[in-house]
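Have a look at the structure below, then the notes.
The values are calculated or read from the model by the stated rules, or taken from the named source; none is laboratory data. Model, not experiment: these values are computed from the prediction. Cβ sites come from the backbone with ideal geometry, for glycine too, and all protein chains shown count toward neighbours. In case anyone asks, the SASA skips ligands and DNA or RNA and just uses the protein heavy atoms, side chains included. Shrake-Rupley method; radii C 1.70, N 1.55, O 1.52, S 1.80 Å.
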Amino acid sequence: MIVPSPVDSPTDRLPARPRRPAPRDVEPKTVGRLTGVDATRGLALLGMMAVHALYAAGPDDRPTLVYSLSAGRSATVFAVLAGLGIAFLTGRRRVPLGRPAREAAASLAARALVIGAIGLALGYVDPEIATVILPYYAVLFVVAVPLVLLPTPALVALGVAVAVGMPVLSHRLRAALPVHQANNHSFVDLATDPSGTLTELLLTGEYPVLVWAAYVCVGVAIGRSRLSSPAVAAALLAGGAVVAAGAIGLSTYLLAAMGGRAAIEAAGTGRDAVSVAQILDFGADGATPTTSIWWLAVRAPHTGTPIEVLHTAGTAVALLGALLLLGHVAVPALAKMISVLLWPLAAAGSLPLTLYTAHVAFMSSPFDVFDAATGYLVQVITVLLFAMAWRQAVGRGPLESVAHLVATWARGSGAGAVPSDTSRIRFSDPSARP
């Protein structure tokens, strides 16, 4: 093993069977961090930084390898892990109604408020540099409030329904809505055009929440499983890979053999500045054009189609499974090497809100005087060194601490004074980071 496995979790020690809640005065033992989860998040952070800092196209005007691997996938890994973190925050089980539900709602809403405020404060950032994900991320935390009340089978079924059905519904609805204008949302936007801002966050923006809720469903369901088990990790790797590969095959079949690409090219994009080839090669700004129903067959980055959602969700799950499996390597020398390699990624993955915010702010500051490759390398080295030092010396990141403190206060306020004999759901899991 690379690090002690989080078997201290009550749900990992005992058989998976219904059990009575613990008495209210018994605080469950704190769960240890899962290195594989943090390392997955850290790798996604570096991928998002690469999309922002490096050129998307090479000398041949084709997508670079780094862009092809990172675009779309890195952001969706964050969304899936957001759901996983939410599952950890709510005790890795369905939240019962009553006081636990009120506490969960208050805690998640408070985290959403902090994350959203940070995201809106970054509204000045040039969208050509980075489309800030945090306002969308904040709304996802609010959407998660009813999701944590669902049993896991219903959660999985809802996730599949959203992944397949919501892009189709979005395609129909967006035909009557204004085309998304690439911009970052700010407090001014929220104050002057609240309905337009909400519409973009939910439906037409870069990371449309109503579609991306599927990733949160997947993450919450995975977070309730026994992640310390190598069998679960292997199942995540295999299942995710099958879904991701199947989505590629389905898209290829629909676009080629069924004539989907020809139909798309005949219909066009409806926008003079964007060509069909550009969207198929480099992706869209959160959703495809509505000129043809065949657009729903593409899997380019940030197109928000059923196939793209299934592919990126499968990729995220497979990546998580692979990195969790690395924690079960039995050969001592190899395990030690893996531990050394994963530690910087895991440290960065434990401070995602702080590091992402610092990265976006740096990219939009006069301090970024580097060329693309040098600037990215400087940022990666700085992020990893800072994360390792901070994690070792302090622990929770600065912005993560703010979110934690506000959520803790809100949880106490949300509990109210209504007496209850149900156990308090644990929200203090250190693995659950916003």
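Identify, please: which residue in segment 67-107 is more than 19 Å from residue 318 (Cβ to Cβ), out of contact with any Ser or Thr (no Cβ under 8 Å at 6 or more places or on another chain) and hydrophobic (A, V, I, L, M, F, W, C) and is, among those, surrounded by the fewest Cβ atoms within 10 Å (Cβ to Cβ)?
Once the filter is applied, the top-ranked residue is 97.
Output the number of residues of segment 161-189 satisfying the condition of being within 21 Å of residue 128 (Cα to Cα), open to solvent by 60 Å² or more (accessible area, probe 1.4 Å) and in a helix (DSSP H, G or I).
The qualifying residues number 2.
Pull up segment 221-240, narrow it to residues that are crowded, with 21+ Cβ neighbours inside 10 Å and part of a helix (DSSP H, G or I), then point me to the one that is farthest from the chain's Cα centre (by Cα).
Applying the filter and picking the extreme gives 233.
Return yes when residue 266 is part of a helix (DSSP H, G or I) and open to solvent by 50 Å² or more (accessible area, probe 1.4 Å) and no when it is not. Talk me through it step by step, then tell me what you get.
Values: part of a helix (DSSP H, G or I): yes; open to solvent by 50 Å² or more (accessible area, probe 1.4 Å): yes.
Judged against the criteria, residue 266 is a match.
Residues in segment 298-334 that are touching a helix residue (DSSP H, G or I) at 6+ places or on another chain (Cβ under 7 Å) and open to solvent by 40 Å² or more (accessible area, probe 1.4 Å): how many?
6
Kindly check whether there is at least one residue in segment 373-380 that is crowded, with 20+ Cβ neighbours inside 10 Å and more than 30 Å from residue 237 (Cβ to Cβ).
No.
Just checking, how many residues over segment 192-220 are charged (D, E, K, R) and in a helix (DSSP H, G or I)?
Count: 1.
Taking only segment 342-372 into account, find how many residues are outside any helix (DSSP H, G or I) and open to solvent by less than 20 Å² (accessible area, probe 1.4 Å).
Residues of segment 342-372 that are outside any helix (DSSP H, G or I), as a first pass: 350-351, 364-371.
After this cut, where a residue has to be open to solvent by less than 20 Å² (accessible area, probe 1.4 Å) as well, the list is 350-351.
Count: 2.
Condition check: assigned to a loop (DSSP other than H, G, I, E, B), out of contact with any Gly (no Cβ under 7 Å at 6 or more places or on another chain) and aliphatic (A, V, I, L, M). Does residue 112 satisfy that?
When the stated conditions are applied, residue 112 does not pass them.
Does residue 429 satisfy the condition of being open to solvent by 50 Å² or more (accessible area, probe 1.4 Å) and either modelled with pLDDT under 90 or among the basic types (Lys, Arg) (or both)? Even if it seems obvious, please write down each step before you answer.
Values: open to solvent by 50 Å² or more (accessible area, probe 1.4 Å): no; either modelled with pLDDT under 90 or among the basic types (Lys, Arg) (or both): yes.
Taking the combined requirement at face value, the residue does not satisfy it.
Can you tell me how many residues within segment 271-281 are touching a residue at least 24 places away in the same chain (Cβ under 8 Å) and either surrounded by fewer than 20 Cβ atoms within 10 Å (Cβ to Cβ) or in a loop (DSSP other than H, G, I, E, B) (or both)? Explain how you work it out, then say what you get.
Within segment 271-281, the subset touching a residue at least 24 places away in the same chain (Cβ under 8 Å) is 271, 279, 281.
Those still in the list that are either surrounded by fewer than 20 Cβ atoms within 10 Å (Cβ to Cβ) or in a loop (DSSP other than H, G, I, E, B) (or both) too: 271, 281.
The total comes to 2.
Within segment 115-124, take every residue that is outside any helix (DSSP H, G or I) and out of contact with any helix residue (DSSP H, G or I) (no Cβ under 6 Å at 6 or more places or on another chain) and give me the one that is most open to solvent (accessible area, probe 1.4 Å). Steps first, please.
To start, the set of residues in segment 115-124 that are outside any helix (DSSP H, G or I) comprises 122-124.
Now narrow it down to the ones that are out of contact with any helix residue (DSSP H, G or I) (no Cβ under 6 Å at 6 or more places or on another chain): 123-124.
Details: 123: 15, 124: 137 Å².
Selected residue: 124.
Can you name the residue in segment 146-157 that is surrounded by fewer than 19 Cβ atoms within 10 Å (Cβ to Cβ) and of a type outside the set (Gly, Ala, Ser) and is also nearest to residue 75 (Cα to Cα) among such residues? Quick ask: steps written out before the conclusion?
Filtering segment 146-157 down to residues surrounded by fewer than 19 Cβ atoms within 10 Å (Cβ to Cβ) leaves 146, 149-154, 156-157.
From the residues that got through so far, the ones that are of a type outside the set (Gly, Ala, Ser) too are 146, 149-153, 156.
Numbers: 146: 23, 149: 25, 150: 25, 151: 26, 152: 24, 153: 25, 156: 21 Å.
The extreme case among them is 156.
Please list, ordered by first then second residue, the pairs with beta carbon atoms under 7 Å, 6 or more apart or interchain, first in segment 386-400 and closer than 16 Å to residue 118 by Cβ, second of a type in the set (A, V, I, L, M, F, W, C) and open to solvent by less than 60 Å² (accessible area, probe 1.4 Å).
Taking only residues 6 or more apart or on different chains, the pairs are 397/351; 397/353; 399/118; 399/353; 400/351; 400/353.
Of the residues 41, 73, 62, 33, which is modelled with pLDDT under 85 and among the basic types (Lys, Arg)?
On the way: 41 fails: modelled with pLDDT under 85; 73 fails: modelled with pLDDT under 85; 62 fails: modelled with pLDDT under 85.
The match here is 33.
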